[in-house]
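For reference, the structure discussed in these notes is given below.
Readers should treat all values here as calculations from the given coordinates under stated rules, not as data from a laboratory. The structure presented is a predicted model; accordingly, all values stated were derived computationally and were not measured. Neighbour counts run over all protein chains shown; Cβ positions are idealised from the backbone, glycine included.
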Amino acid sequence: MDKTLTANHPARRSGTAPARVTVTLNALRYGRLCAAVIPKVIENDREFDRMAEELERLTFKRNATTEETVLAKLIERLIQDYDDKHHPLPAVPPNEAVRILMEQRGLRQADLVEAIGSRAQVSDLLSGRRGVSKAQAKRLAEFFRVPADLFI
């Protein structure tokens, strides 16, 4: 008999807040994937590297199954937790944090318009003339996949 699992996950809609959708997983397929990958709390750099390779493999896989997508999300969380604990980001002003993250990802100011609101607001933020609102910090955190308190 084939069991299924359900979970709520955010779904991206252009220009709006994420909606919640129910995802149905095939428990047998998900279990096999987990048995092959063996996701667990990361305790050292070797395990971090192994999980990073798995995440990259799953992230760039064409036509990934629902089970692979959910496993990738779990691995991403494990990596983020380890990284936050062992390699915390230094405290920098919000505009510098945004600038550093943009540079690391090869982004331009125009790439942030959807997260910030307008070209003028992006320019003001990066120059330090404007702070980051709580709503913008949340959107930036989702955009860059980092904690929101980095921008507050």
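Per residue, the convex hull spanned by the Cα atoms of segment 78-152 measures out at 84 cubic angstrom.
The helix-only estimate of mean residue ellipticity at 222 nm for the chain, built from DSSP H runs of length n ≥ 4 each weighted as -39500 (n - 2.57), is -17000 deg cm²/dmol after division by the residue total.
Exposure proxy for D84, D149: other Cβ atoms within 10 Å of each Cβ, ordered fewest to most, give D149, D84.
Using θ = phi - 60° in the Karplus curve 6.51 cos²θ - 1.76 cosθ + 1.60, the 3J(HN,Hα) couplings for segment 29-38 round to 5, 5, x, 5, 4, 4, 5, 6, 8, 6 Hz; x is entered for Gly and Pro. Annotation: amide H of R130 within the under-5 Å range of L125, sequence separation 5 or more or interchain, hydrogens built in the peptide plane. Compared with the dominant Cα axis of the chain, that is its longest principal axis, helix 66-86 is turned about 60°. To the nearest ten degrees, helix 45-59 and the longest principal axis of the Cα atoms of the chain are 90 degrees apart. Dipole orientation for the chain: of the candidates V37, A91, T24, T24 has the Cα lying most toward the positive pole (charges on Cβ; Lys, Arg +1; Asp, Glu -1). Relative to the longest principal axis of the Cα atoms of the chain, the long axis of helix 94-105 lies at roughly 50 degrees. Just checking my list [x] 14.8, 50; [y] 19.2, 65; [z] 18.0, 61 against Rg and Dmax of the Cα atoms in Å computed from this structure; which label fits? Answer label, from the structure shown: [z]. Dipole check for segment 94-151: with +1 at the C-beta of Lys and Arg, -1 at the C-beta of Asp and Glu, and the Cα centre as origin, the magnitude is about 100 Debye. Using Cβ point charges alone (K and R +1, D and E -1), the dipole size of the chain about the Cα centre works out to roughly 620 debye. When +1 charges are put on Lys and Arg Cβ atoms and -1 charges on Asp and Glu Cβ atoms, the dipole computed for segment 25-74 relative to its Cα centre reaches about 280 debye.
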